[in-house]
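Here's the structure, in structure tokens; my notes come after.
Readers should treat all values here as calculations from the given coordinates under stated rules, not as data from a laboratory. Only a predicted model underlies this, so the values are computations on that prediction, with no experimental measurement involved. All Cβ positions, even for glycine, are placed from backbone atoms using ideal geometry, and neighbour counts span all protein chains on display.
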Amino acid sequence: MRRTLITAALITCAACHANTSPTPGEYLFVWAGDSAGKASDFLAVIDAAPSSSHYGSVVASIPTGMAATHPHHTEAELAANGHLLANGFGAGRTWLYDLSVAREPKILTSFGDLAGFSHPHSYIRLANGNVLATFQYKADSTAPGPVHGHGEPVGAKHTTGGLVEMNERGGVIQSGSASDPAIPDTHIFPYAVLSMAAVDRAVSTTTDMDEANKQATSEWVQFWRLSDLKLLRSIALKPGPRGDEHHFAGEPRLLPDGKSVYIHTFNCGLYLVRGVDRNEPSSMFVRAFEGKNCGVPVLTGHYWLQPVPDAHALIVLDITDPEHPREVSSVSLGDDEQPHWISIDGTGRRIVLNSAGGGKGNRLFVLNFDPASGALALDERFRDAGATRAGVSFTRKTWPHGFTGTAVPHGTVFSR
């Protein structure tokens, strides 16, 4: 009888423990910096559980100990081990966070130049457990000028960088230079990268974060052999009807067919790339969005979610026919917001969006997404206590680590 009762108690305790485990999307991790560039940059943790009585509240934050590094891209999603890579682009530095215990964020390590390259920008996890990262410049380059899309002055002249495969702590496995003899080294700089292991390829884009580099219109897309990071070919995106939609190639995303790629540009063009595994890949213009400086997109199922700053909106396209995408829904965030960064949670039903310093509103939003219809809806409950409009403001706020002031958010992801 005693043995039976003990067994039952253990089962009950195990069930209780399972019920208290974090659910997907229960927290948001926000990489941010002091708008004045004086206080330390930091990572904040926000309660994002809709059932919580503190929904939308900042529950933790951890400073890096460095100011004005220009917190920029993080990984697009939290890694399976609860870790997150984040770059302070202006400083050319990467931080590795342990967010496995959401309310107790930790910095595991940080690192700078790797494999002769500097200023990392984007990171993706590979199936082998390593990380593939873009590094914009050679390590002997000086820091860039005004950062693209943000107008923050940080430096001067530089030349092209490359791709680095590494472990998450910055241990180099292999690397490859993005330098192409047919293109001036001052015109091409790795920005984002896509891994296509099934065909042993990687696809990278080339926008220079330095707005002062007017010659680097960045219409270049590069194709690599993934297994040894050998650069195979560079092609230029072609102009759209306006004439400059191809400038500033941004984020490559693998389409549902597993072999075609969409690439957006910061000049608000959308391009379809085919034949990645062939000697002659091709690209075609398929769509333009309003204005310029379009933000970081998300591809989920057969939907493309595009932040459009000039429209102050997030727009959803049905891309079932990738040559003819069609708009199915949109949400306006307000004229004081210029949406830039978005990320999706593990259920595929919640989107986080921020202005990344590009709007006076300076808010972080959560939107609900219907993967069946593509419909979007602003989560009106996700807001500051007592606020009259949706969204969590990063202006004039007191943060748990002791900083009081306005922060500029950028890379933001949900917990797993």
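Of the cross-linked pairs K360/K397; K38/K157; K292/K360, those separated by over 21 Å at the C-alpha level are K38/K157.
Counting neighbouring Cβ atoms within 10 Å and putting the fewest first, the residues R278, R233, R93 line up as R278, R233, R93. The separation of region 97-112 from region 332-404, counted between C-alpha centres, amounts to 23 Å. Note on region 266-416: with charges restricted to the Cβ of Lys and Arg (+1) and Asp and Glu (-1), its dipole about the Cα centre is near 540 debye. Relative to one another, the C-alpha centroids of region 155-212 and region 253-278 are positioned 18 Å apart. Only Cα pairs under 8 Å and 6+ residues apart enter the sum, and on that basis the relative contact order of region 303-416 stands at 20 percent. Axis of helix 2-20 versus longest Cα principal axis of the chain: the two differ by about 40°, to the nearest ten degrees. By the rule of a C-alpha distance below 13 Å, with chain neighbours fewer than 8 residues away ignored, the aspartates and glutamates paired with K138 are D113, D185, D208. Adding -39500 (n - 2.57) for every DSSP H run of four residues or longer, then dividing by how many residues the chain holds, sets the calculated 222 nm ellipticity at -1500 deg cm²/dmol.
Relative contact order of the chain, taken over Cα pairs closer than 8 Å and 6 or more residues apart, is 13 percent.
For region 334-373, the share of alpha carbon pairs falling in successive 5 Å distance bins from zero is 6, 26, 26, 19, 12, 9, 1 percent. Under the criterion of Cα pairs below 8 Å and six or more residues apart, the relative contact order for region 153-301 equals 15 percent. Note on M209, M284: ascending count of other Cβ atoms within 10 Å places them as M284, M209, the fewest first.
If you run the Gaussian network model on the chain, springs between alpha carbon atoms under 10 Å, then out of L229, L126, L237 the most flexible one is L126. Of K214, K292, K397, the sequence from fewest to most neighbouring Cβ atoms within 10 angstrom is K214, K397, K292.
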